[in-house]
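The next block holds one structure in the form of structure tokens; read it before the comments.
Readers should treat all values here as calculations from the given coordinates under stated rules, not as data from a laboratory. This is a predicted model, so every value here is computed, not measured. Cβ placement follows ideal geometry from the backbone for every residue including glycine, while neighbour counts extend to all protein chains displayed.
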């Protein structure tokens, strides 16, 4: 029987004790102990600790001389905090961070500097790095593939042998620290194929690279939106991919770890947008968050006023039958929830490009029947509930019919509204909720209160 030792890695957790201890060290300016505390942590954990520090303590920390924040820790900070810290650090320290990182992360650092700081950093980094960063920043949009790529990659000629390639990998110090793919380029630097590094190691030294390369390699245009890049990685199960310019010349490489970050950010962004919230970070203060949320709450206020005006058209009916006022929230709430379900599914389909012109009508038809069936089921349940509550058969019929109508419209609006917004280049994740909520509220109130005049005879 072998004696094995199992080591359990516990998930890191920022505790009050840890934060209080670090705040105390900062207040006492015990720099060596602060550095030891942060350096003992994984960069992502150290970033989380910095994010949870009180704002004053973070400011005091940056004022301490000889404080050492690792480049990998800076990269793990949220965007807001990263900008704040980078622009407060001495220029020389920022330069050291840029020089220490691979090009994709260095680009991120430079992008988050204010203009004055950026000029100071440009003066002190190598000319080669400066030109590469400026080229990407000036040519390619913010959310493009080129902004994700690293310019360090391994490329060889198709006429090289496996042996020549291996010798090149061993001797060239400018290659990236880690890579899984070797790109094959022609004399003009155009991408023509790729070879997994494992395949190189498993073939004889005299075999030429063009005999073992994959000619159908997936390349990514530098202008491509990062969300589309994520879709390509998912669709083709990529671990890395070459980035090319408009002439198919290889200019960089994107790896799966970059895409994981993109997918996470896009998912979080879409969820927040559905609630009218954008780009909030844990380090944002109350005033900043209020400004970000205000506009969508204001829009919601106006749409709520519209819905209220619809109710006002039937104020006479409500005065005669008080039960109508009691039951209105049920109809509106069920419609709103049904629409939200359809909306969430539609946003996902649009994001993954599964919703197309070829299948849109099929999906709309399906949502119609889903709305009808759910409406039918909940009309029976709600009608029974209302009957045993008010002992009024006509009122039960009223809410039952209204429920069917509202659930159908909820399902249809949940797919039609975001699809139309997407067609006209309006972000459906941001704008859909307001419009869909308004439609379901108005439809619910109109059907419920409008039918009341006919069914109840008021």
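Scaling the Cα radius of gyration of region 322-378 by the globular reference 2.2 N^0.38 Å produces a ratio of 1.43.
Taking label positions 7 Å along the Cα-Cβ direction at both residue 426 and residue 309, the computed distance is 1.8 nm, reported to one decimal. Of all beta bridges that DSSP places with both ends in the chain, some 75 percent have antiparallel geometry. In this calculation the C-beta distance from residue 120 to residue 239 is compared with R0 = 30 Å, giving a FRET efficiency of 0.20. Mean residue ellipticity, 222 nm, helices only, the chain: the sum of -39500 (n - 2.57) across DSSP H runs of n ≥ 4, divided by residue count and rounded to 500, is -21000 deg cm²/dmol. Based on the alpha-carbon gyration tensor of region 350-425 and its eigenvalue square roots a ≥ b ≥ c, which shape applies: rounded if a/c is under 1.5, prolate if not and a/b is larger than b/c, or oblate? It is prolate, given that a/c is not under 1.5 and a/b is the larger ratio. Computed over every Cα-Cα pair of region 1-159 and binned at 10 Å starting from 0, the pair-distance distribution P(r) comes out as 9, 34, 28, 18, 8, 3, 0 percent.
When the alpha-carbon atoms of region 303-458 are used, the pair Rg, Dmax equals 16.5, 51 angstrom.
With distances taken between every two different alpha-carbon atoms, region 155-263 has a Kirkwood hydrodynamic radius of 14.4 Å. Using the Cβ-Cβ distance between residue 55 and residue 216 with R0 = 35 Å, the FRET efficiency computed as 1/(1 + (r/R0)^6) comes to roughly 0.10.
The stretch between residue 186 and residue 169, if pulled fully straight at 0.36 nm per residue, gains 4.3 nm over its current Cα-Cα span. Summarising the overall dimensions of region 406-451 from its C-alpha atoms, the Rg and Dmax are 11.5, 38 angstrom. Eigenvalues of the alpha-carbon gyration tensor of the chain, scaled by 5 and square-rooted, set the equivalent ellipsoid semi-axes at 54, 32, 21 angstrom, largest first. With a simple spin-label model that places each label point 7 Å from the Cα along the Cα-to-Cβ direction, the separation between residue 14 and residue 66 comes to 2.7 nm.
Rounded to the nearest 0.05, the FRET efficiency derived from the C-beta distance between residue 205 and residue 353 at R0 = 51 Å is 0.70. Residues 249, 353, 83, 177, ranked from the fewest to the most other C-beta atoms within 10 Å, line up as 177, 353, 249, 83. Packing here is the average count of other Cβ atoms within 10 Å per residue, and on that basis the peptides 145-151, 14-20, 76-82, highest first, run 145-151, 76-82, 14-20.
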